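Quick notes on the structure that follows.
The values are calculated or read from the model by the stated rules, or taken from the named source; none is laboratory data. Note that the structure is predicted; figures quoted are calculated from it, not measured. Cβ atoms come from the backbone with ideal geometry, glycine included; neighbour counts cover every protein chain shown.
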Amino acid sequence: MGGENHYSPELNSDTFQSKQHDKAAGSILLRKDSNVSLLDLCLFAFDLLISRLRHVSEPTCPVSIPDNDEYALFVTWNKTNRDVERAQLRGCIGTLTPLNLRRAIHTYTLASAFRDKRFPPICSEELENLSVSVSLLYDFLTGRDVYDWQVGVHGVIIDFLDKGSAYSATYLPEVCLEQGWTKEQCISSLIRKSGYRNTISENLLKTVRLTRYSSKKYSLSYSEYLHHRKKCT
């Protein structure tokens, strides 16, 4: 996370204070009457990316994105490649702390595109092969133990202390399905992603606090983005 209040679910060296998802657990619910349009969030993400790549003025946030709602979210960029069956991850950064939605989509769209330390910044030549996904996170609940969650349904956060050091990591709901992991494999991977390098014992697992959450996700390719924008002109 560093100085910014964000982190990537795939990074294994970052830690965050447990108060972040404590706040999330108490304050974020994706209401049934919510009028948040995930499509509009994805369209705006592409608008922002293109404005930055072309060095032009940033677009105005559409009125369909509420200016008084707070959400935890992640923005993910993927790139398709003819020679590779699966899409290539190009950046994924977000926040577990609910933030003003307009501020959050702006911050993490650009952070995931240009400041994910695992990858070089996205460039103009990649644009036509890109897709963006926006995930809104909600229903944060503390699990009874590290296995109190469902693969493919819940995202998971772990945090624990060992010898005075704090460790934390998260995976979005789709990660386990994409990797074909069991719960046990996922938890072991999360512990390693948190930066912990010692033996993963049963005693250690008993000290791990797990928080599960749900996610609403929408994905949009660049060609789909162009189609929607042409309809609006």
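Odds and ends about this structure:
For every residue, the table says whether it meets (1) surrounded by 16 or more Cβ atoms within 10 Å (Cβ to Cβ); (2) modelled with pLDDT of 95 or more; (3) under 26 Å from THR170 (Cα atoms); (4) of a type outside the set (Asp, Glu).
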position	(1), (2), (3), (4)
THR97	yes, no, yes, yes
LEU110	yes, yes, yes, yes
PRO120	no, yes, yes, yes
CYS123	no, yes, no, yes
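- Failed criterion for ASP139 (all others in (1) among the acidic types (Asp, Glu); (2) part of a strand (DSSP E or B); (3) farther than 24 Å from THR97 by Cα hold): (3)
- When the stretch 68-111 is filtered for residues that are of a type in the set (Asp, Glu) and in contact with a helix residue (DSSP H, G or I) (Cβ under 6 Å, 6 or more places away or on another chain), only ASP69 remains.
- Residue in the stretch 138-147 that is at negative phi, among the charged types (D, E, K, R) and surrounded by 15 or more Cβ atoms within 10 Å (Cβ to Cβ) present: no
- Taken over the stretch 148-166, the criterion of being touching a strand residue (DSSP E or B) at 6+ places or on another chain (Cβ under 9 Å), not in a strand (DSSP E or B) and not aliphatic (A, V, I, L, M) is satisfied by ASP148, TRP149, GLN150, HIS154.
- Among residues of the stretch 167-191, those that are in a helix (DSSP H, G or I) and not β-branched (Val, Ile, Thr), counted: 13
- Per the conditions (1) assigned to a loop (DSSP other than H, G, I, E, B); (2) within 28 Å of ALA87 (Cα to Cα); (3) among the hydrophobic types (A, V, I, L, M, F, W, C), the sole criterion not satisfied by ILE200 is (2).
- Annotation note: Cβ proximity below 9 Å between a residue of the stretch 127-138 that is aromatic (Phe, Trp, Tyr) and a residue that is in a strand (DSSP E or B) (sequence gap 6+ or interchain) occurs for TYR138/TYR71; TYR138/ALA72; TYR138/TYR213; TYR138/SER214; TYR138/SER215; TYR138/LYS216.
- Selection of the stretch 44-77 for residues being without any contact (Cβ under 8 Å) to a residue 40 or more places away in the chain and within 26 Å of THR170 (Cα to Cα) yields only ASP69.
- Residues in the stretch 74-96 that are among the aliphatic types (A, V, I, L, M) and over 16 Å from ARG115 (Cβ atoms): VAL84, ALA87, LEU96.
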